[in-house]
Structures are given as structure tokens and as C-alpha cells.
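Student: I'd like to ask you about the structure that follows.
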Amino acid sequence: MAVRGLMLELMQWVLAGASAVVFIRLIIGPTGADRLVALNILSGLALAFLVTRGVALGRALYLDVALVYDIFGFLGFLAIARFLKDKISDEDGPA
């Protein structure tokens, strides 16, 4: 039992560290596509963190929040991707 708790705690720290690195990439990213990919990865890391936290604490509420967060994250990703596609199409439009 103690090994399971230790592994879940370690995984939460790994996810937090990876989120910090991806957040830096989100800020620095030279293009909109880089920022969009970083935002999508950050959303996935937040989802994984919520799931591991819910398992570690034995609370199903974290899993419900993770599911809703994932749905909104996906919809946000689609909206931003469509915005970037329209922006690129306008820049490459008729001269």
C-alpha cells in the first residue's frame, strides 16, 4: 500500500514538472501552432494530474472534474485551431 501511495505522489510531481516545462514553451513558442500544441499538451497533463490525484485520495469527484475539463479542453482546442486556420487563410488570401 505504501508503494502505491509513493508512486502516485511521484507521478504527481512528474506531471507538475512537465507542466512547468510545457508552460514555458507556451509562453516562448514562436508560432501560434507551437502555442496551440503546448496548450493541448498542458490540458492533457492537467487531466492526468486530476486523475492521479483522484486515485491517490480515493475521491471520484476528481474524476468527474477531469472528464468535464477534458471536454472543455477539446472544445477550446477546436475553437483555437479554427481561429488560427481562418487567420492563416486571410493572410494567404488574394493579393
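Student: Which of the numbered conditions does Thr52 fail, given that it passes all the others? Conditions: (1) open to solvent by 60 Å² or more (accessible area, probe 1.4 Å); (2) in contact (Cβ under 8 Å) with a residue 40 or more places away in the chain; (3) hydroxyl-bearing (Ser, Thr, Tyr).
Tutor: Result: Thr52 passes all but (1).
Student: Based on this model, can you work out whether Gly58 counts as surrounded by fewer than 14 Cβ atoms within 10 Å (Cβ to Cβ), without any contact (Cβ under 8 Å) to a residue 24 or more places away in the chain and of a type in the set (Gly, Ala, Ser)?
Tutor: On the way: surrounded by fewer than 14 Cβ atoms within 10 Å (Cβ to Cβ): yes; without any contact (Cβ under 8 Å) to a residue 24 or more places away in the chain: yes; of a type in the set (Gly, Ala, Ser): yes.
Answer is yes for this residue.
Student: Being in a loop (DSSP other than H, G, I, E, B) and either at positive phi or surrounded by fewer than 13 Cβ atoms within 10 Å (Cβ to Cβ) (or both) is the filter here, so list the residues in the stretch 15-45 that pass it.
Tutor: Taking the stretch 15-45 first, the residues in a loop (DSSP other than H, G, I, E, B) are 29-31.
Passing the criteria: Pro30, Thr31.
Student: How many of the residues making up the stretch 18-74 are closer than 20 Å to Leu6 by Cβ and in contact with a Leu (Cβ under 7 Å, 6 or more places away or on another chain)? Working first, answer last.
Tutor: The initial filter retains those residues of the stretch 18-74 that are closer than 20 Å to Leu6 by Cβ, namely 18, 48-59, 62.
Checking which are in contact with a Leu (Cβ under 7 Å, 6 or more places away or on another chain) leaves us with 18, 48-49, 51-52, 54-56, 62.
Qualifying residue count, the stretch 18-74: 9.
Student: Cβ-Cβ under 9 Å, sequence separation 6+ or interchain: first residue in the stretch 15-39 and within 16 Å of Ile80 (Cβ to Cβ), partner surrounded by fewer than 15 Cβ atoms within 10 Å (Cβ to Cβ) and among the charged types (D, E, K, R). Which pairs?
Tutor: Matching pairs, first to second residue: Arg25/Asp34; Leu26/Asp34; Gly32/Lys87.
Student: I need the full set of residues from the stretch 63-73 which are open to solvent by 70 Å² or more (accessible area, probe 1.4 Å) and in contact (Cβ under 8 Å) with a residue 12 or more places away in the chain, in order please. Step through it out loud before you land on a result.
Tutor: Kept after step one, since they are open to solvent by 70 Å² or more (accessible area, probe 1.4 Å), are these residues of the stretch 63-73: 63-65, 67-69, 71-72.
Leu63, Val65, Tyr69 - these are the residues of the stretch 63-73 that are open to solvent by 70 Å² or more (accessible area, probe 1.4 Å) and in contact (Cβ under 8 Å) with a residue 12 or more places away in the chain.
The values are calculated or read from the model by the stated rules, or taken from the named source; none is laboratory data. These numbers were taken from a predicted model, which means no experiment stands behind them. So basically every Cβ, Gly included, is an ideal-geometry build from the backbone, and we count neighbours across all protein chains shown. These accessible areas exclude ligands, DNA and RNA; they are computed on the full protein's heavy atoms, side chains included. Shrake-Rupley method; radii C 1.70, N 1.55, O 1.52, S 1.80 Å.
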